[in-house]
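**Student:** One structure, pasted below without further comment.
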Amino acid sequence: MRKRIAALIALSSFAGAAHAAASPTRTINGKLSLSQKAKGEEVTPADRPDPPKPSASAKLLALADANRDGSATYAELSSFVSARIQRRVAARHAQLDRDHDGRVTRAEVGKMDSARFARFDLDRDGAFTAVELSRVMALETASRLELAFAKLDTDGNSRCDLAELEQHRAAVLVAEAAAAEQKDSKRTEQAKAGGPTVF
């Protein structure tokens, strides 16, 4: 079966390449010229321009929008974020749990400071499990997620659509550019004054 599929793919690739080599590009931006229309020629899929790639905001919305209505509620976004956290926590816990007993002890994470370790060890038994780590991460994320959703939902309809996500992303990019510009001007001023340069 795999050989047949591979053969079909190879054959279709070869046929597509042969067609492209035999007939030069017939259209400009997927449109026929008047003479081509008069001859009865048609636009083929190969003549059409590639569709634009979805933005990061569009990708996020596609992942979070569980009911596919074009927007994400707080519940949908929270569910998406929770599932993502669970996967990351499981992977991180597996890395930290060197003896694979399901518990991460202080000895296994010697470089972690004691306050951070205590934050994850909810039952104070000297180790933390994936469940404890997950619970801590969920609590810490929940408050930040509520604030983030409130910022994203600019029209106050309890949903975030693509326009709101794109608007927020544009505002973030503008703020990052302004911060970089401010840092560059500070560097220039310090260089002119002969002082230490901040990088």
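**Student:** Any chance the range 146-153 includes a residue that's small (G, A, S), surrounded by fewer than 17 Cβ atoms within 10 Å (Cβ to Cβ) and under 25 Å from A171 (Cα atoms)? Before you say what the answer is, go through the steps one by one.
**Tutor:** Pass one, the range 146-153, residues small (G, A, S): 148, 150.
Still in the running and surrounded by fewer than 17 Cβ atoms within 10 Å (Cβ to Cβ): 148, 150.
Subsequent filtering for residues that are under 25 Å from A171 (Cα atoms) retains 148, 150.
There is at least one residue in the range 146-153 that is small (G, A, S), surrounded by fewer than 17 Cβ atoms within 10 Å (Cβ to Cβ) and under 25 Å from A171 (Cα atoms).
**Student:** Then there's this: Kindly indicate whether S185 is surrounded by 12 or more Cβ atoms within 10 Å (Cβ to Cβ) and in a helix (DSSP H, G or I).
**Tutor:** No; evaluated as a whole, the condition is false for this residue.
**Student:** Of the residues L133, L145, which is assigned to a helix (DSSP H, G or I), over 30 Å from G70 (Cβ atoms) and in contact (Cβ under 8 Å) with a residue 24 or more places away in the chain?
**Tutor:** L133
**Student:** Could I ask something else about it? Inside the range 114-130, can you point out the residues that are part of a helix (DSSP H, G or I) and either crowded, with 16+ Cβ neighbours inside 10 Å or without any contact (Cβ under 8 Å) to a residue 12 or more places away in the chain (or both)? Break it down stepwise before answering.
**Tutor:** Step one: filter the range 114-130 for residues part of a helix (DSSP H, G or I), giving 114-120, 130.
Those that are part of a helix (DSSP H, G or I) and either crowded, with 16+ Cβ neighbours inside 10 Å or without any contact (Cβ under 8 Å) to a residue 12 or more places away in the chain (or both): S114, A115, R116, F117, A118, F120, A130.
**Student:** Right, something else. Quick one: which of F128, F117 is over 27 Å from S79 (Cβ atoms), over 28 Å from the mean Cα position of the chain (by Cα) and not charged (D, E, K, R)?
**Tutor:** Every option except F117 fails the conditions.
**Student:** Take V104 and tell me if it is more than 17 Å from E140 (Cβ to Cβ), surrounded by 13 or more Cβ atoms within 10 Å (Cβ to Cβ), at pLDDT 95 or above and of a type in the set (A, V, I, L, M).
**Tutor:** Taking the combined requirement at face value, the residue satisfies it.
**Student:** Examine the range 150-167 for a residue that is without any contact (Cβ under 8 Å) to a residue 12 or more places away in the chain, within 20 Å of S71 (Cα to Cα) and assigned to a helix (DSSP H, G or I), and state whether such a residue exists.
**Tutor:** Checked against the condition, which is being without any contact (Cβ under 8 Å) to a residue 12 or more places away in the chain, within 20 Å of S71 (Cα to Cα) and assigned to a helix (DSSP H, G or I), the range 150-167 yields at least one hit.
Quick grid of which residues meet (1) more than 30 Å from E164 (Cβ to Cβ); (2) in a helix (DSSP H, G or I); (3) modelled with pLDDT of 65 or more:
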| residue | (1), (2), (3) |
| --- | --- |
| S13 | yes, yes, no |
| P24 | yes, no, no |
| K53 | no, no, yes |
| A58 | no, yes, yes |
| A62 | no, yes, yes |
| N67 | no, no, yes |
| A75 | no, yes, yes |
| F80 | no, yes, yes |
| H100 | yes, no, yes |
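**Student:** It is to be established whether one or more residues within the range 151-166 are among the basic types (K, R) and on the phi > 0 side of the Ramachandran plot.
**Tutor:** no
The values are calculated or read from the model by the stated rules, or taken from the named source; none is laboratory data. Keep in mind that this is a model prediction, so the values were computed, not measured. Glycine gets a Cβ as well: all are built from the backbone with ideal geometry, and neighbour counts include every protein chain shown.
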